[in-house]
1. In the stretch 33-66, what residues are aliphatic (A, V, I, L, M) and either in contact with a Cys (Cβ under 6 Å, 6 or more places away or on another chain) or under 28 Å from residue 140 (Cβ atoms) (or both)?
2. Please go through (1) surrounded by fewer than 21 Cβ atoms within 10 Å (Cβ to Cβ); (2) within 27 Å of residue 78 (Cα to Cα) for residue 114 and return the number of the only condition it doesn't satisfy.
3. Restricting attention to the stretch 279-299, does a residue exist that is among the polar types (S, T, N, Q), buried (at least 19 other Cβ atoms within 10 Å of the Cβ) and more than 22 Å from residue 79 (Cα to Cα)?
4. All but one of (1) over 28 Å from residue 417 (Cα atoms); (2) in contact (Cβ under 8 Å) with a residue 40 or more places away in the chain; (3) in contact with a Pro (Cβ under 7 Å, 6 or more places away or on another chain) hold for residue 284, so report the exception by its number.
5. Go through the stretch 308-325 and count every residue that is part of a loop (DSSP other than H, G, I, E, B) and either within 16 Å of residue 385 (Cα to Cα) or open to solvent by 10 Å² or more (accessible area, probe 1.4 Å) (or both).
6. Does residue 231 fit the bill of being in contact with a Gly (Cβ under 8 Å, 6 or more places away or on another chain), modelled with pLDDT of 90 or more and open to solvent by 30 Å² or more (accessible area, probe 1.4 Å)?
7. Just a yes or no: is a residue in the stretch 133-140 part of a loop (DSSP other than H, G, I, E, B) and surrounded by fewer than 12 Cβ atoms within 10 Å (Cβ to Cβ)?
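The values are calculated or read from the model by the stated rules, or taken from the named source; none is laboratory data. Bear in mind the structure is a predicted one, so any value in this text is a computation, not a measurement. Using ideal geometry, Cβ is built from the backbone for each residue, glycine included, and neighbour counts are taken over all protein chains shown. These area figures cover heavy atoms from the full protein model, side chains too; ligands, DNA and RNA do not enter into them. Shrake-Rupley method; radii C 1.70, N 1.55, O 1.52, S 1.80 Å.
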Amino acid sequence: MDTITTLVHTLQGPLYHYKWQMCTFALTVLNNPSHMDKAFAYDFLHPWLGTGLLTSTGRKWRQRRKMLTPTFHFSILTEFLEVMCEQAEILVEKLERLAGNGPFNCCSHITLCALDIICETAMGKKVYAQSNSDSQYVQSVYKMSDIVSRRQRTPWFWPDFIYDWFGEGRDHDKTLKILHSFTKRVIQERAENMPYMESDSESDQGTRKRRAFLDMLLQTTDENGNNLSHQDIQEEVDTFMFRGHDTTAASMNWTLHLLGSHPEVQRKVHQELQDVFGTSGRPVNTDDLKKLKYLECVIKESLRLFPSVPFFARRLSEDCNINGFKVPQGANAIVITYTLHRDSRYFPEPEEFQPERFLPENSVGRPPYAYLPFSAGLRNCIGQRFALMEEKVILASILRNFTVEACQKREELRPVGELILRSEKGIWIKLEKKQPQNTPV
């Protein structure tokens, strides 16, 4: 039985009894700088991600967060817009071959597009996942996520000795070697070429060379003026790869299902796209992103109903009082966003898909800890701007070219809460090609 359904059904009574206090619970845990440690379940990510931004704590986390925050500045993120548009165009070409031919599962198509984007923006490396989904690295990224998720759900395999001999330990290590070998090689090659890759230089063809997160990491120094080691950089690159594609892909897949299930909302999105782009077939630019306000509301409402990370946890570093109960130091506190986002005080008719909830006039007075798709507090998601930009670009590209029809009812989706919230049976949709758009002269 899927994890999120099991968790919610098992705790349904207690959760709904205390759902009025869930927002306070999240505020108490996430807003306290003392509770910075991730829960035990995150330890299984250490072999892959080391102690990078996602899994580190204490002084190391604070230093690393301070160093990395400038690399996510909006002015730098806009440099990645070209990559997003190029990969979105490839995706649209693939979807054109599926349009008008009945239902298909869109999950892998969206995920491969997101993987291509994060590989090029994080590492400056093209992996051509959309055209070569059988590549060893692409398969290993998927495989490792599944391996870690399965181990988290099977306590008898938590001890390393038992896991290595009776579980998937050997498969885990083999997959890990492929992932680390790839990123090590990319980091080494990029470091060797850095003197010839000035960010403002021009290639022989006169085109500006693109920067990647990796380039900025190679130039980043700590508080003592020392460069990050290649091991430090690998931790962060592997973290970007893990968290930077699956979460956005899941959000976009859920959004396509919800738009396909609500034609009236989809019509409003199409109208907004018409208002912004007219009949032009030009790529999305930064000014367009600012104008796509209703599409942003749609994405936010999709993340409310189906948060990409359905729950996250902290290890309490000191005794604290939560909703009148004393919780001891060392306990694991789990914030279940899937339930938190269904608090009817702040989201009336919580199971209904209503993007208008996130219009500015309808968001007044809503507590900030009532909606946490990117976590909150000091350890909120550093890449949330990147994620929202990517989702706008890809969804806008799809919806400028197609109308979407969902082929599943809500009860047929069966959300699976593993590392990422997915539909157990995929997201099945039908696409119909819109009238061809004219490209500008």
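1. Once the filter is applied, which keeps residues that are aliphatic (A, V, I, L, M) and either in contact with a Cys (Cβ under 6 Å, 6 or more places away or on another chain) or under 28 Å from residue 140 (Cβ atoms) (or both), the stretch 33-66 yields 39, 41, 45, 49, 53, 54.
2. Unmet condition: (1).
3. No.
4. Going through (1) over 28 Å from residue 417 (Cα atoms); (2) in contact (Cβ under 8 Å) with a residue 40 or more places away in the chain; (3) in contact with a Pro (Cβ under 7 Å, 6 or more places away or on another chain) one by one, residue 284 breaks only (3).
5. Selection size over the stretch 308-325: 8.
6. So residue 231 passes the test.
7. Scanning the stretch 133-140, I find at least one residue that is part of a loop (DSSP other than H, G, I, E, B) and surrounded by fewer than 12 Cβ atoms within 10 Å (Cβ to Cβ), so the answer is yes.
Residue by residue, here is whether (1) touching a strand residue (DSSP E or B) at 6+ places or on another chain (Cβ under 7 Å); (2) assigned to a loop (DSSP other than H, G, I, E, B) holds:
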site: 260; (1), (2): yes, no
site: 267; (1), (2): no, no
site: 280; (1), (2): no, yes
site: 284; (1), (2): no, yes
site: 295; (1), (2): no, no
